[in-house]
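Below you'll find the structure, written out as structure tokens, and then a few comments.
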Amino acid sequence: MARSSHGKQNNAGAFFMATLVMWSVSVFFEILFNKRTELVSIVAGFCFYQLANWVIRNWVSRDPLFVNTCVSLLHSSITSSSVVFILANQWTTNGLHEMFEHSQLVGNTWLWAYPALCFSCGYFAYDQWDMLHYRLYSGWIPSILVHHLILLVCFTLALYRNVTINYLILTLICELHSIFLHARKVRRMAGVRDAKSKIVKAEWILNWVTFVLARSTSHVLITVKLTRDAHKFGKGCGAPTCSVWDGCNEFTKYFSRNRSLQCLQKREKSQADLS
């Protein structure tokens, strides 16, 4: 039974590796043959996070899961900062009402939004490769690999067609919450588990606040906006499908990477009591 399960996991890995290779070929074809030089930021993102992986692996720890989580923390920090900067710039330039108009979200592209989405897309390609290379997944249909595949498809289709870029930037607001998810994981792997610590308590508060605001509320508002503006799309609800998938997919990522926050908190408290 164990051998059969391991074999099916290998089959899953082979499938997702094949999709990653096909995605890579597609991106390089667009850059080299269709002269889409703006997509070079995808390659730059992949190389940047692979370099960060190498630095952490050689100077901090060689544990693949720890290295992967540290790079994910770096991505969440960079991406969330970029999104906040882009939104703040648009707010001061065009005003809150105008920046969320349908034409702005679908047809136009905010300043720095395109390269920011490309750079983040490069990270998801890197993370997919890293997880496949070090087998940082489990199950016959690993949800984290499915999550990355859907993101890569949605992001690259939008980048190729240059539509809904701003919508996808809005979905990346959830990376604010991911900062504290990854920070918690790094902290626990580093052995810092004192539930009575002020730092740990502050982390838990920020974890819940950003979960409600950056992950839950933001995606609900995006879905409501898409539903209300569905008739404004040229093909009904077909065009914004990737944005909806991306929002749902972020919840898949959250529940696949992390167990219940309450259960983890109880464990930390019990371990602190024992010590």
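Could you please give the count of residues in the stretch 85-99 that are surrounded by fewer than 17 Cβ atoms within 10 Å (Cβ to Cβ) and modelled with pLDDT under 90? If you could, list the steps in order and put the result at the bottom.
Restricting attention to the stretch 85-99, the residues satisfying the condition of being surrounded by fewer than 17 Cβ atoms within 10 Å (Cβ to Cβ) are 85, 88-89, 91-98.
Next, from what is left, pick out any that are modelled with pLDDT under 90: 93-98.
Residues meeting the conditions: 6.
Go through (1) open to solvent by 10 Å² or more (accessible area, probe 1.4 Å); (2) in a helix (DSSP H, G or I); (3) within 19 Å of N162 (Cβ to Cβ); (4) not hydrophobic (A, V, I, L, M, F, W, C) and name the single condition T109 misses.
With respect to (1) open to solvent by 10 Å² or more (accessible area, probe 1.4 Å); (2) in a helix (DSSP H, G or I); (3) within 19 Å of N162 (Cβ to Cβ); (4) not hydrophobic (A, V, I, L, M, F, W, C), T109 is out only on (2).
Suppose we keep only residues that are charged (D, E, K, R) and over 12 Å from the mean Cα position of the chain (by Cα) within the stretch 112-155. Which one would you say is least open to solvent (accessible area, probe 1.4 Å)? Lay out the reasoning, then the answer.
Within the stretch 112-155, the first condition is being charged (D, E, K, R), and the residues that meet it are 127, 130, 135.
From the residues that got through so far, the ones that are over 12 Å from the mean Cα position of the chain (by Cα) too are 130, 135.
On the way: D130: 3, R135: 122 Å².
Residue satisfying both the conditions and the ranking: D130.
Can you confirm whether F33 is open to solvent by 70 Å² or more (accessible area, probe 1.4 Å), under 17 Å from Y167 (Cβ atoms) and assigned by the TED database to the domain that holds L152? Full working, then the answer.
Values: open to solvent by 70 Å² or more (accessible area, probe 1.4 Å): yes; under 17 Å from Y167 (Cβ atoms): no; assigned by the TED database to the domain that holds L152: yes.
Criteria not met by F33.
Quick one: what pairs do we get from the stretch 133-152, first residue farther than 18 Å from E175 by Cβ, second open to solvent by 40 Å² or more (accessible area, probe 1.4 Å) and among the small types (G, A, S), C-beta under 7 Å, 6+ apart or different chains?
Filtered contacts from the stretch 133-152: S143/S256.
Quick check on N10: is it free of Cβ contacts under 8 Å to residues at least 24 places away in the same chain, open to solvent by 30 Å² or more (accessible area, probe 1.4 Å) and closer than 22 Å to N162 by Cα? It would help to see each step written out before you state the result.
Details: free of Cβ contacts under 8 Å to residues at least 24 places away in the same chain: yes; open to solvent by 30 Å² or more (accessible area, probe 1.4 Å): yes; closer than 22 Å to N162 by Cα: no.
In short, no.
Identify the residue in the stretch 192-240 that is open to solvent by less than 20 Å² (accessible area, probe 1.4 Å) and not in a helix (DSSP H, G or I) and, among all such residues, is modelled with the lowest pLDDT.
The qualifying residue modelled with the lowest pLDDT is P240.
Tell me, yes or no, whether the stretch 170-177 has at least one residue that is of a type in the set (S, T, N, Q), under 16 Å from the mean Cα position of the chain (by Cα) and within 20 Å of L74 (Cα to Cα). Break it down stepwise before answering.
First, pick out the residues of the stretch 170-177 that are of a type in the set (S, T, N, Q): 171.
Of the ones still in play, those that are also under 16 Å from the mean Cα position of the chain (by Cα) are 171.
Adding the requirement that they be within 20 Å of L74 (Cα to Cα) leaves 171.
Yes, some residue in the stretch 170-177 is of a type in the set (S, T, N, Q), under 16 Å from the mean Cα position of the chain (by Cα) and within 20 Å of L74 (Cα to Cα).
The values are calculated or read from the model by the stated rules, or taken from the named source; none is laboratory data. All values derive from a computational prediction rather than experimental measurement. Here Cβ is always computed from backbone atoms with ideal geometry, including for glycine, and neighbour counts include all displayed protein chains. Protein only, heavy atoms only, side chains kept; ligands, DNA and RNA dropped before computing areas. Shrake-Rupley method; radii C 1.70, N 1.55, O 1.52, S 1.80 Å.
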